[in-house]
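The values are calculated or read from the model by the stated rules, or taken from the named source; none is laboratory data. Keep in mind the model is a prediction, meaning the values are calculated, not measured. All Cβ positions, even for glycine, are placed from backbone atoms using ideal geometry, and neighbour counts span all protein chains on display. Heavy atoms of the whole protein, side chains included, go into the accessibility calculation; ligands, DNA and RNA do not. Shrake-Rupley method; radii C 1.70, N 1.55, O 1.52, S 1.80 Å.
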Protein chains: 2
Amino acid sequence: MPSEISAESLSLLKVGDIARRTGKTVRAIHLYEELGLLNPAVRSKGGFRMYRGDGVKRIEWIQKLQDMGFSLTEIKVFLRVWEESATAPKAMATVREIFTDKLRETRETIARLTRLAEELSESLAFLEGCRSCDQGQHQRECGGCGRSDHEVPLLVDGIAKR
Amino acid sequence: MPSEISAESLSLLKVGDIARRTGKTVRAIHLYEELGLLNPAVRSKGGFRMYRGDGVKRIEWIQKLQDMGFSLTEIKVFLRVWEESATAPKAMATVREIFTDKLRETRETIARLTRLAEELSESLAFLEGCRSCDQGQHQRECGGCGRSDHEVPLLVDGIAKR
DNA sequence: TATCACTCTTACGTAAACGTAAGGGTTTGG
DNA sequence: CCAAACCCTTACGTTTACGTAAGAGTGATA
């Protein structure tokens with residue numbers, strides 16, 4: 001009877017492999033382990049971290065949550081909550097709660113940024129008018145510029161003073 | 001002839017006053033000065049920083065730019081560029097450039113967050129289906145859950161594995 | 001077996017925007 | 001003139017997500 005040559009040992013990935021496949025650095029992956037976000041499936045005899053393919057998925061998941069604005073610490077809490085939920089529906093309920101909160105937060109951020117974008121547009125529109133300004137005018141004389149067609153936006157007004 | 005009692009000395013503000021009026025801390029204002037973002041108009045005989053009313057405006061302007069995502073260092077560059085522009089139109093052109101860049105960046109951020117919000121919504125929709133899941137099911141048995149009505153979103157899939 | 005490319009652990013460094021504390025002066029109202 | 005309330009400078013502390021370096025062992029290949 002031929003010894004069963006550990007079939008999976010062939011598909012195990014070293015930390016560098018994982019790094020290449022995810023675009024992360026080895027250091028980052030080490031950090032995730034320190035924070036309890038990802039553990040290698042096993043260690044080689046010599047101590048090398050050996051991962052399975054799903055390690056890549058886990059890291060992509062982490063990345064996704066980071067993009068959403070979760071800190072690594074929050075992600076850790078996330079995992080712990082999940083692990084400590086006795087039943088699937090309960091775990092799902094918790095996840096739902098967290099996602100719901102984040103969704104609201106994300107929408108608020110979008111609203112805030114939208115307002116800022118508008119303000120930027122207005123300031124830019126105002127600045128367009130400065131093209132027609134006397135080319136020789138010194139900047140210290142600007143700020144007011146004699147214009148009264150509309151208000152000077154705060155973004156422009158603030159800098160010109162002093 | 002009555003000595004002209006320095007009329008403005010009456011309207012000068014101490015750092016604490018500025019702090020109260022802007023909601024910033026004294027430390028923050030000190031920092032802004034270290035970074036070259038705001039200098040007191042004068043110092044009292046004893047060394048106290050004395051500001052004029054426009055100091056408040058300057059801080060509000062800083063706040064605005066911070067909200068827009070500029071770092072204090074970037075704001076400093078901003079001010080220097082302004083001060084070093086010989087002519088008003090040239091200074092305005094530079095400001096326009098910076099604002100244009102930031103506007104583009106802001107819009108990109110909005111787009112990214114919008115996609116994330118959609119992804120969150122999808123994940124939440126998926127999780128709604130978990131309510132009907134067997135109440136006694138252990139979370140380890142979940143993840144797949146036997147459902148095949150649609151794909152498990154990455155946000156949900158990533159956490160359930162292992 | 002000799003290499004060379006990897007990996008390990010340990011641990012200090014970094015950038016941002018302040019927080020906080022220490023040890024003293026300064027203003028100002030009474 | 002005194003005390004409470006402020007202010008000054010100096011300088012180390014904090015958090016986040018890694019970067020970077022050192023010194024040494026490991027694995028796969030020639």
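Using a probe radius of 1.4 angstrom, the carbon and sulfur fraction of the accessible surface of the range B:9-64 is 53%.
Rg ratio for the range A:9-67: its Cα radius of gyration over 2.2 N^0.38 Å, N being its residue count, equals 1.04. Ascending distances from the A:Glu105 label point to its copies in the other chains, with the point 7 Å along the Cα-to-beta-carbon line: 2.2 nm.
Heavy atoms of the protein chains alone define the surface here; on that basis the range A:9-67 has 55 Å² accessible area per residue at 1.4 Å probe size. Between B:Glu97 and A:Asp17, the modelled label-to-label distance comes to 4.9 nm, taking each label 7 Å out from Cα in the direction of the beta carbon. With the simple spin-label model, which puts each label point 7 Å out from Cα in the Cβ direction, the B:Ala41 to A:Arg112 separation comes to 3.3 nm. With R₀ set to 22 Å, the beta-carbon distance separating B:Asp54 from B:Glu34 gives a calculated FRET efficiency near 0.65. Per-residue mean of foreign Cβ neighbours for A:52-60 is 2 (Cβ atoms of other chains, 10 Å radius).
Label-to-label distances for B:Thr73 across copies, nearest first, come out at 2.3 nm, using points 7 Å from Cα in the beta-carbon direction. Couplings for the range B:58-75, taken from phi via the Karplus curve 6.51 cos²θ - 1.76 cosθ + 1.60 with θ = phi - 60°, read 4, 5, 5, 5, 4, 4, 4, 5, 4, 4, 6, x, 7, 7, 4, 5, 5, 5 Hz in order; Gly and Pro are left as x. For trypsin sites (Lys or Arg not before Pro), the sites in the range A:32-130 that DSSP calls loop and that have at most 11 other Cβ atoms within 10 Å are A:Lys45.
For the rotation that carries chain A onto chain B, the axis lies closest to a Cβ at A:Ile110, 3, where the number is the distance in whole Å.
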